[in-house]
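The values are calculated or read from the model by the stated rules, or taken from the named source; none is laboratory data. Values in this document were obtained by computation on a predicted structure and should not be read as measured data. Using ideal geometry, Cβ is built from the backbone for each residue, glycine included, and neighbour counts are taken over all protein chains shown.
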Amino acid sequence: PSGDSDRSNLSILLRTERLLLGETPLAVDKTAIVLRPQEFNVSFDGSELAGRVSRVGEGPLLIDLERMVLPEGGDLLDPPGDDPLFDYNPGELPSMKVRISTLLRGETRYQDMDLVLVSGESRLDATTLEFDRDGQRFQGELAWAYQNGQAQTALLLRAQGDELGNILRVNEDEPLLEAESGRFISNLSWDGSPLGFSLLTSRGAVELSLKDGRFLDLGNSAEVLRLFGILNIETVTRRLRLDFLDLVEPGVAFDSVDAKARIADGQLVFDPELTMSGPSASFRLTGEADLINEKLKQRLEVDIPLTNNLPLASVLLGAPQVGGAIYLVEKALGTKIIKVGKTDYRIEGSFAEPQVSLIPPFSKKKD
């Protein structure tokens with residue numbers, strides 16, 4: 001039998017091909033809507049969106065999705081696009097609890113995403129922000145606030161573990177590094193909503209730390225490695241023809257990599273430096289990168305211990321005949337007599353084709 005409460009319920013089943021999420025069409029076959037007093041429930045079933053959205057009374061909006069498929073995102077160094085929520089007041093949104101089992105954005109897979117969003121006066125805060133990307137767990141916090149007619153967003157994101165190589169990829173099948181452990185911290189803010197993120201207009205600090213690993217293939221550039229200058233360190237090692245005995249596999253081995261940098265006005269400045277140490281050499285990189293024009297102005301200090309590498313000695317001394325003489329004396333005496341200390345290089349030019357030049361060892365000129 002039907003009572004008054006039954007007649008106040010409404011159920012709607014829609015057969016659809018696509019639904020619009022903002023301006024993004026998603027393939028959805030069926031949409032079911034159930035309306036009750038002080039309650040609603042909307043479920044979706046399709047190849048690009050499956051799950052449900054519900055709310056009871058004034059409680060938080062519950063978003064529980066099994067899958068969501070979005071188009072490929074932009075490059076890390078792309079100029080900022082249009083922000084549809086640039087001047088939107090996030091305080092008008094309800095508090096939310098969001099769970100997404102699988103989110104695909106192009107070829108990038110995010111899994112087990114959990115967000116707890118708390119609505120306040122003119123702001124929305126993500127007190128819980130967690131997700132997996134390619135086996136690496138990320139945790140963070142987000143604040144989206146509206147003040148004086150403009151929105152601002154701040155994001156703190158942390159990752160720690162042995163799977164950082166999986167997020168620094170050339171493509172789906174080619175991680176750029178392997179490491180026993182690592183840590184990445186990003187603390188950035190920008191004008192506009194969370195949808196308006198661009199590294200070119202962000203400000204804040206980033207930090208990268210890696211232990212006991214190897215860069216597997218630096219011939220194919222990755223944005224994070226370009227930003228931190230690691231590709232330029234690899235360029236120097238190739239130009240010096242370092243014949244590292246520890247490199248029995250392709251790539252560049254390291255004991256540790258540590259970098260801290262500040263970002264503001266499209267400029268990345270090491271604060272104070274990037275250091276990379278390995279069994280055969282240590283590197284110290286200072287300077288800045290112009291993210292907007294993709295230009296470098298950096299200085300690289302190479303510290304190489306005792307070596308019997310003849311090509312390297314010749315290059316560093318600037319005279320092949322001297323290197324040859326040292327080599328003969330070493331062989332005759334049965335001991336090494338050359339100690340290669342710190343050597344400086346100037347790195348300038350574009351990200352794609354940096355110009356690496358030796359700073360004369362007796363030059364007192366500093367950049």
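At a glance:
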read-out: Test set (1) part of a strand (DSSP E or B); (2) at pLDDT below 95; (3) surrounded by 18 or more Cβ atoms within 10 Å (Cβ to Cβ); (4) not aliphatic (A, V, I, L, M) - Trp190 fails condition number; value: (2)
read-out: Lone unmet requirement of (1) over 30 Å from Gly106 (Cβ atoms); (2) touching a Gly at 6+ places or on another chain (Cβ under 9 Å) for Val34; value: (2)
read-out: Unique match (being in a strand (DSSP E or B), of a type in the set (A, V, I, L, M, F, W, C) and within 30 Å of Gly196 (Cβ to Cβ)) among Val98, Val34; value: Val98
read-out: Test for Arg137: is it touching a strand residue (DSSP E or B) at 6+ places or on another chain (Cβ under 6 Å) and not aromatic (Phe, Trp, Tyr); value: no
read-out: Boolean, Glu163 is surrounded by fewer than 17 Cβ atoms within 10 Å (Cβ to Cβ), more than 28 Å from Asp344 (Cα to Cα) and at pLDDT below 90; value: no
read-out: Selection status of Leu70, within 30 Å of Leu268 (Cβ to Cβ), free of Cβ contacts under 8 Å to residues at least 60 places away in the same chain and surrounded by 13 or more Cβ atoms within 10 Å (Cβ to Cβ); value: yes
read-out: Within the range 101-123, tally of residues that are assigned to a strand (DSSP E or B), in contact with a Pro (Cβ under 8 Å, 6 or more places away or on another chain) and surrounded by fewer than 16 Cβ atoms within 10 Å (Cβ to Cβ); value: 1
read-out: Residue that is farthest from Ile100 (Cα to Cα), among those in the range 127-153 that are out of contact with any helix residue (DSSP H, G or I) (no Cβ under 9 Å at 6 or more places or on another chain) and crowded, with 17+ Cβ neighbours inside 10 Å; value: Gln152
read-out: Residues being surrounded by 19 or more Cβ atoms within 10 Å (Cβ to Cβ), outside any strand (DSSP E or B) and not hydroxyl-bearing (Ser, Thr, Tyr) - total across the range 198-210; value: 1
read-out: Residue within the range 124-140 that is over 30 Å from Leu210 (Cα atoms) and either under 21 Å from the mean Cα position of the chain (by Cα) or assigned to a loop (DSSP other than H, G, I, E, B) (or both) present; value: no
read-out: The listed residue being in a loop (DSSP other than H, G, I, E, B), at pLDDT 90 or above, touching a Leu at 6+ places or on another chain (Cβ under 9 Å) and under 30 Å from Pro80 (Cα atoms), out of Ile263, Ile292; value: Ile292
read-out: The range 37-77, subset touching a Lys or Arg at 6+ places or on another chain (Cβ under 6 Å) and part of a loop (DSSP other than H, G, I, E, B), residue modelled with the highest pLDDT; value: Pro60
read-out: Residue under evaluation Gly213, criteria (1) more than 20 Å from Pro279 (Cα to Cα); (2) buried (at least 21 other Cβ atoms within 10 Å of the Cβ); (3) modelled with pLDDT of 65 or more; (4) of a type outside the set (Lys, Arg), criterion not met; value: (1)
